[in-house]
Amino acid sequence: METSSHDILIIGGGGAGLRAAIEIAELDPKVDVAMVSKVYPMRSHTVSAEGGAAGVAGKDDSVDEHCYDTISGSDWLGDQDAIEFFCNEIPKELLRLEHWGCPWSREPDGRIAVRPFGGMKKMRTWFAADKTGFHLLHTLFQTSLKYATIARYDETFATRLLVEDGAVRGVVAIELRTGKIRAIQAKAVIIATGGCGRVFPFTTNANICTGDGMALAYRAGAPLKDMEMVQYHPTGLPFTGILITEAARAEGGWLLNKDGYRFLQDYDLGKPTPTPVLRSMELGPRDRVSQAIFGEFEKGRAFHGPYGDYVHLDLRHLGEHKIETRLPMVRELCLKYENIDPVREPIPIRPVQHYMMGGVHTDINARTSLNGLLAAGEAACVSINGANRLGSNSLGEILVFGARAGRSAIETVRASGSGNETAILAQARDEERRLEENFLHKTGGAERIAKLRDEMQRAMESGCGIYRERNSLVASANKLRELRERAANLAIDDHTRTFNTQLTAALELGYMLDVAEAIVHSALDREESRGAHQRRDFPKRDDQKYLAHSVAHQAAEGPPRIEYHPVVITRWPPGERVYGR
């Protein structure tokens, strides 16, 4: 086994990981930091974000208003101290990106352009056409190249956290190109691996989003928080799940049913008045808009296709010039993946899984319950998103809390003593034996990875989709238990070392089953409806009992143990959700 050592190790090469690495390199050039990434950093899922990043920019806006929109959008499950910190910090982060070279779109007079976004009462979303994530990730990656203290292990897959005497001391990882198993020791580890959308069959997430970091922390003893809060984006392409950005509706797109009717005016999106505002109703919170589309499916007012029901997103009235200048990627995606030109035809869309509000339980400083382990970005739950994330808050979150994780990691390193290297390497060798015996050298096995994965995804969609109830959740929990037992009998045909995609898929399946279990049991335990968590058997929000974060601890056997931690309330007591005021 090859070994190496660094002061700080970051798992994940996307926006949160890169921002953490840059923060560390800038604050203390003497600190040795390394990044382990399953893919080349520029192929991280951050590159897929389209719409923009929210931060107060205009004189008609304020940090308090951004805070209130985020708190209300979270259905009062967001921690208000974290939200206040986030809303104060994000304009500074976006301006810093400007100085680093991010090409924000601009108004004719040269000012930064902002657009409206769902659930936001003011125009505060900075954007770079509809390729914001692409430009943001490019900017961060190019900036990271300035620092010689940042080492990278590209295309290297972390399989286990090394924990010694209650503190995380590194990881075991596989170099995908060679199959070499490597122990990488560190005094602090930051998890920045993104989401776990691939536990669902229809998702905007890339194939790499399999909950790796969440599962690594969960297995090591760090709990997962608010995992039942799964966001569906209203506008994904029906077959691929590819995202059609919320910016399409921010620029004036309409949602139409099969009769050509703007159906959102018939639904309660949390508006403060009963009079529908046709100009802005498409920009309701994502959970409410997704629920409304599902309502059209149930009422028989949707189109029927080979991949299920869908409605239309109509951009034709915007005109070719506006689509080409403000939404060029939307047009490109539609042409390439649906053979549809949105200048001339409406776009078929359906709600698809998009984002995890839940993740590794952290405090406001990105620290977990395990010494030396931090987390940031979608893999973490701080929580600023609560039961529903507002569109354009996620890119800001990876910047603010990526930087925060970097600062906290430096503090951890300065306070950390030396670990027991013998004990750490003994754990690493145990993991090496597991990988060799259970996967690389294993013969036989009756179960196929793709079949188990497909059954898991179907179970998650049927039990933990937009609407839930006890019977379907119990059925999903039972199915996941069965799949976990069957996964012990996986068949691996490829026993080579070089880019063994079967090995990677088998390990990812194990991560996904862990995360799926936490999602289902957290949803089963929360007997109320709040934000993205809609229980048809408990249709009301219950602040008396469930104004609290669910915290799932992995059990040695059986389902996870669910606890509840109080939500931090500072200045905004729970109230009715509103938008568009």
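No value in this document is a laboratory result; all are computed from the given coordinates. Quick caveat, the model's predicted, so the values are computed rather than measured. Note: ideal-geometry Cβ built from the backbone for every residue, glycine included; neighbour counts use all protein chains shown.
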Q: Quick one: grab Rg to one decimal and Dmax as a whole number for region 156-283, Cα atoms only, in Å.
A: 21.5, 64
Q: Select one label from [x] 1.00; [y] 1.12; [z] 0.95: the one whose number is Rg/Rh (Cα atoms, Kirkwood Rh) as derived from the coordinates shown.
A: [z]
**Q.** Cross-link reach list, lysines versus residue 225, counting only Cα pairs under 19 Å and skipping chain neighbours closer than eight places
**A.** 545
Q: Note down the relative contact order for region 297-365 as a percent, whole number, built from C-alpha pairs under 8 angstrom at least six residues apart.
A: 32
Q. Taking Cα atoms, how many degrees apart are the long axis of helix 449-464 and the longest axis of the chain, rounded to 10 and kept between 0 and 90?
A. 50
Q: Hey, for a label at residue 447 modelled as a point 7 Å past Cα toward Cβ, could you say which residues of region 483-511 have their backbone N under 18 Å away?
A: 483-494, 502-511
Q. Which angle between 0 and 90 degrees, to the nearest 10, do you get for helix 421-435 versus the longest principal axis of the chain when only C-alpha atoms count?
A. 70
Q) Taking only Cα atoms, what is the 0 to 90° angle, nearest 10, from helix 80-100's long axis to the longest principal axis of the chain? A) 90
Q) Of the cross-linked pairs 451/479; 38/92; 59/121; 38/442, which ones have a Cα-Cα span greater than 18 Å in the structure shown? A) 38/92; 38/442
**Q.** the chain: relative contact order as a whole-number percent, Cα under 8 Å and 6+ apart
**A.** 22
**Q.** Peptides ranked, highest mean first, by Cβ atoms within 10 Å: ranges 305-316, 203-214
**A.** 203-214, 305-316
Q: Just check region 475-581 against the gyration tensor rule for me: Cα atoms, a ≥ b ≥ c as the square roots of the eigenvalues, rounded for a/c under 1.5, and otherwise prolate or oblate depending on whether a/b exceeds b/c.
A: prolate
Q) Taking R0 as 35 Å, what's the FRET efficiency between residue 178 and residue 570 from their Cβ-Cβ distance, rounded to 0.05? A) 0.10
(Q) Taking 8 Å as the Cα distance limit and 6 or more residues as the minimum spacing, I'd like the relative contact order of region 420-494 as a percentage. (A) 44
Q: Provide the net charge surrounding residue 349, with neighbours chosen by a C-beta distance below 12 Å and charges set as Lys +1, Arg +1, Asp -1, Glu -1.
A: -4
